[in-house]
Amino acid sequence: MGLKSWWRGLTEADEVLETAPARLPERAGFEYGIGPGGLTETNQGIGASTQTDRRSMLTQLYDAYLACPWAWASVNAIARTITAGGLVTDWDNDDGEDDEEQPDKPDEVLLLERMLAYCNPRENIRQILRGAVTDLLVFGDAYIEVVWLGSQPVALYSLDCPSMLPIADEHGTVTGYTQLTELGQRATFEPREVIHISLDSPRSGIYGVSPTQAALLPITAWLFSAATSKEIFRKGAPPVIHVDHPASASASEINRWTAQYMQRNVGPRNIGVPITTKGGAAVHELAQSRTMDYLRYLDQKRDEIIAAYGVPPAKVGIIESGNLGGGTGEAQDRTFVVNTCQPLAELVLEALNFHLARVGFGVEGWRLKFRDVDMRDSSTIEEIRDTRLRNGSWTLDRYRADIGEPPVEGGDQAILVDRQNLVRWADMEAASQAGIAYKLRGTALEPEAPEAGQPVTVIKPDSGPDTTDSRSNPISGPPGASAADTSGQPDTGPEQESVQALYRARLREALARLPGGTDERAA
């Protein structure tokens, strides 16, 4: 890319911005949660007069994400899976079969790739997009700052979601963005300077609803249960006891005994120390330890949390043998990618392709996409390759090219491997003829040896009275007749003659229906 083309791309704004859509007419409907005055810095809707309530809610979601390990593991598993392959450009008409048909990348695509290769001095594009996906899963919204130089973007930065305030009218049309930090810092942005991505919302609106917000109840229950378990184990899981002091014991003596019990018997270091009393006091255990109940409750809330994020158990390190409905590892991978990661990735790509590729650089016929990562097991991949080679879908050269090996002589011919037989697809006609000849071997329909390159010819035998041979034609005798009956020695019995006559009549009828058959057959 020369300096002249780069400068033309910065100065000729009309050529770049002509791909931007024309301004749409005003809508008549209203957005949920936006009052008559629209969204301002001091009124962000949602039934609040200020934006403090929304910020406190987002802060609560952030704290829940950090405190609950299952929320953290689920969010990171989704974000890392989506961005694992990186962000690349792809031709719209690329079907993935033949890369040679892909044209050279135009100047606009090269400019876009250069900007993505160096987003800013601190972050790369993978970190920015991973943070955006994390914000979507925690807050329901994500913001990316776009720095413009003339008519083209030159840098991308991540923006803190809780401090961002969209400015919109009552119809939901965004006219700008304002950032107010907790330290009182303020920044304003034009609509083209911010890429705002939001998740789906049941009642529409400017803001999205995150899975962390939907799972806030099980997350809170898990945190309280974990805190309770922590206190129990911090005290050494002591039994719940009842102490019956004698009536003569004073309050100071009871308090003294309680203090001694807490010091001598409570805590991990005091496990196994017996409880001693004197003066007639009696100690009784009220209930057995319920530690296992607490652990089962934690597992139940854990399953609810990862279900809200749509993450299979194996993706967050939960390996349970014999878990009904868990499926195999490959089945969980496919479910995770198709139902959880891919819809979220398409939402991010849709915003990037519009703001950067189309409006920013005027790219047509090309798009941004996340590079696919093969998550299948190596043995599964080899089985698929072997199957394609055996059924003729791949040639040996294609197989070797896929594993990085050079072609070999004769490797460009497809073959069919059927159990123990190996046939080239070019010889499939000859193999079919050989199979037919093998099936007819030893019968009256056995063909003669064919000439090279000629098909097998099957000729129907003449079924006259003296031309049948039971040794070469199994149908020369009546059904049920033994070898002795068809050896040429006549049976003079009346019943046998009647059966043979009936069989010959049926044979004539059957042969007459064959192609080329005549009515005059065996007598």
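The values are calculated or read from the model by the stated rules, or taken from the named source; none is laboratory data. Bear in mind that the values here come from a model prediction, so they are computed numbers and not experimental data. Backbone-built Cβ (ideal geometry, glycine too); neighbour counts: all protein chains shown.
The figures follow:
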item: Any hit, the range 145-164, residues being surrounded by 15 or more Cβ atoms within 10 Å (Cβ to Cβ) and more than 30 Å from LEU39 (Cα to Cα); result: no
item: Residue that is surrounded by the fewest Cβ atoms within 10 Å (Cβ to Cβ), among those in the range 353-387 that are over 19 Å from GLN332 (Cα atoms), in contact (Cβ under 8 Å) with a residue 40 or more places away in the chain and of a type in the set (D, E, K, R); result: ARG371
item: Number of the exception - GLN413 against (1) under 20 Å from ARG385 (Cβ atoms); (2) surrounded by 14 or more Cβ atoms within 10 Å (Cβ to Cβ); result: (2)
item: Test: residue in the range 194-203 that is surrounded by fewer than 13 Cβ atoms within 10 Å (Cβ to Cβ) and touching a Phe, Trp or Tyr at 6+ places or on another chain (Cβ under 7 Å); result: yes
item: Yes/no for ALA308 being in contact with a strand residue (DSSP E or B) (Cβ under 6 Å, 6 or more places away or on another chain), surrounded by 15 or more Cβ atoms within 10 Å (Cβ to Cβ) and at pLDDT 85 or above; result: no
item: Selected residue (criterion: surrounded by the fewest Cβ atoms within 10 Å (Cβ to Cβ)) from residues of the range 115-144 that are among the small types (Gly, Ala, Ser) and not in a helix (DSSP H, G or I); result: GLY140
item: Helices (runs of 4 or more DSSP H) fully within the range 318-399 counting 2 or more residues that are modelled with pLDDT of 90 or more and touching a strand residue (DSSP E or B) at 6+ places or on another chain (Cβ under 7 Å); result: 342-352
item: Enumeration of residues in the range 274-299 that are surrounded by 10 or more Cβ atoms within 10 Å (Cβ to Cβ), among the aliphatic types (A, V, I, L, M) and within 26 Å of ARG256 (Cα to Cα); result: ILE275, ALA281, ALA282, VAL283
item: Any hit, the range 163-170, residues being touching a Leu at 6+ places or on another chain (Cβ under 7 Å), assigned to a loop (DSSP other than H, G, I, E, B) and either among the hydroxyl-bearing types (Ser, Thr, Tyr) or in the same structural domain as GLU108 (by TED's automatic domain parsing) (or both); result: yes
